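First the structure, in the form of structure tokens, and then the observations on it.
The values are calculated or read from the model by the stated rules, or taken from the named source; none is laboratory data. On a predicted model such as this, the values are computed, not experimentally measured, just so you know. Note that each Cβ is placed from the backbone with ideal geometry, even for glycine, and that neighbours are counted across all protein chains shown. Accessible surface areas use protein heavy atoms only, side chains included; no ligands, DNA or RNA. Shrake-Rupley method; radii C 1.70, N 1.55, O 1.52, S 1.80 Å.
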Amino acid sequence: MRVVSVWPIVRPLLFRLDPETAHGVAMAALRAVQAVPPLAARLRRGFLADAPALRQMLFGREVLNPVGLAAGFDKDAVAVRGLAALGFGCIEIGTVTPKPQAGNPRPRLFRHPAAESVQNAMGFNNAGLDAVRARLLRLRPSPVPLGVNIGKNKATPAESAVADYELLVRAFADLCDYLVVNISSPNTPGLRDLQNEGFLRAVLHRATGITGRPILVKIAPDLEEGDAVRLAEVAVDAGAAGVVATNTTNDYSLLPGAKDFGGLSGAVLREKSFRIFDAVARRLYGRALLVSVGGIGTGAEAYRRLQAGASLVQVYSALVYAGPGLARRINEELLQLMERDGAKTITEVIGAGRGK
Ligand SMILES: Cc1cc2nc3c(=O)[nH]c(=O)nc-3n(C[C@H](O)[C@H](O)[C@H](O)COP(=O)(O)O)c2cc1C
């Protein structure tokens, strides 16, 4: 069955729906797929680019390919098996907050098709720690390496933010392969103010005292380059295993016609996200696990991020436009580029542009 071949028919139908409704339809389809394990297994055989050359060990687990699903697509971990069937090398769920949250009022998700971009002001709508933890307990063992992205509740004041993250680390450390401390969503007022050295040191001190699991910090693309590098370095010195760069941008000048709220992602974010990632990698490649996300939709762009020092790339917005065959396509293109350059394994590509 070639699901990819029906995408040109499905996409215009989905695009006639409000974006959040379309996302709900996609999630329902993924849940239907995972409810029928032989179907999920068959889809996975079609979508997974399972070439030995793409494999690497990360977080103490084998990752079958370097293309991950970014946070925010499956906030509540309801469709992990369905998403694994789309061939992602790993999946990051969340952002999960301690208490359930409704998020911002709708409409809060917008497409910008001509620019292959997305704008969202979701505001951490999620089912909360207890519900997501129960789901992950049932999911064990996860079919793919799993990250849990965590954030504070909107109602939690900055002074108590560390306690929110501590609760979440305790709840999820044993149920995932890595954790991501999210302090870079533009849609929770004040969250980005946590991108400071004092908070990072405090939160990482607590988190690393609780678990030995890798803890990554996700940063915004809107930091000054020097500040981003300094923060990333502080995080790693304080015990973070790595950095995820970047979240969405609130630089609305990137897209004429953009709304003046929420975060932009997709193609308009590509260069900005690359610049921040590249600056961080220049300082930290070889010392930390680096994940690049923002505007990635092709093998060529994924290759550029890997060469700059990313061990993994992640996608979200491109999935909206390219559909379920995206991970396989990026991986196949990566394999072609590796063959062109004579790279035998993905680990030869990672950081190849950095000069060791
Ligand atoms: C609708 C939507 C919801 C998102 N929710 C989250 C989230 O809950 N936590 C998070 O860390 N990032 C979230 N993101 C950001 C993505 O994980 C990613 O960092 C960003 O979209 C850039 O990647 P892209 O250009 O491939 O979309 C969200 C993005 C979108 C489009």
### Query
Ranked from highest to lowest mean number of other Cβ atoms within 10 Å per residue, what is the order of the peptides 119-128, 146-155, 255-264, 10-19?
146-155, 119-128, 255-264, 10-19
### Message
Just to check, using Stokes-Einstein with a Kirkwood Rh over alpha carbon pairs, what's the diffusion coefficient of segment 1-148 at 10 °C and 1.306 mPa s in µm²/s?
### Response
96 µm²/s
### Message
Can you give me the accessible area per residue for segment 3-349, using a 1.4 Å probe, in Å²?
### Response
39 Å²
### Summary
Net charge (Lys, Arg +1; Asp, Glu -1) of residues whose beta-carbon lies under 12 Å from that of V63, V63 excluded, is -1
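How much net charge surrounds P38 when only other residues with a Cβ under 13 Å from its Cβ are counted (Lys, Arg +1; Asp, Glu -1)?
Within the 13 Å Cβ shell, the charges total +4.
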#### Entry: Accessible area of the chain belonging to carbon and sulfur atoms, whole % at 1.4 Å probe
54 percent
### Query
Taking all pairs of different Cα atoms in segment 1-85, averaging 1/r and flipping that mean, what Kirkwood radius in angstroms comes out?
14.5 Å
### Task
Would you list which lysines come within 17 Å of K154, measuring only between C-alpha atoms, while excluding same-chain residues fewer than 8 positions from it?
K75, K99
### Query
Hey, what number do you get for the chain at 222 nm if only DSSP H runs of n ≥ 4 count, each worth -39500 (n - 2.57), divided across all residues, to the nearest 500?
-12500 deg cm²/dmol
### Task
Could you tell me the largest-minus-smallest coordinate of the C-alpha atoms of segment 154-312 on each of the three principal axes, in descending order and whole angstroms?
42, 36, 29
### Query
To the nearest 10 Å², what's D174's accessible area with a 1.4 Å probe?
110 Å²
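At a 10 angstrom cut-off on C-beta neighbours, averaged per residue, how do the peptides 158-166, 99-107 rank from highest to lowest?
Working: 158-166: 16.4, 99-107: 14.7.
Highest mean packing first, the order is 158-166, 99-107.
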### Task
Based solely on C-alpha atoms, express the radius of gyration and the Dmax of segment 3-349 in angstrom.
18.5, 53
### Task
Over the Cα atoms of segment 145-240, compute the convex hull volume and normalise it per residue, giving Å³.
92 Å³
### Query
How high is the relative contact order of segment 3-349, in percent, counting Cα pairs under 8 Å that sit 6 or more residues apart?
18 percent
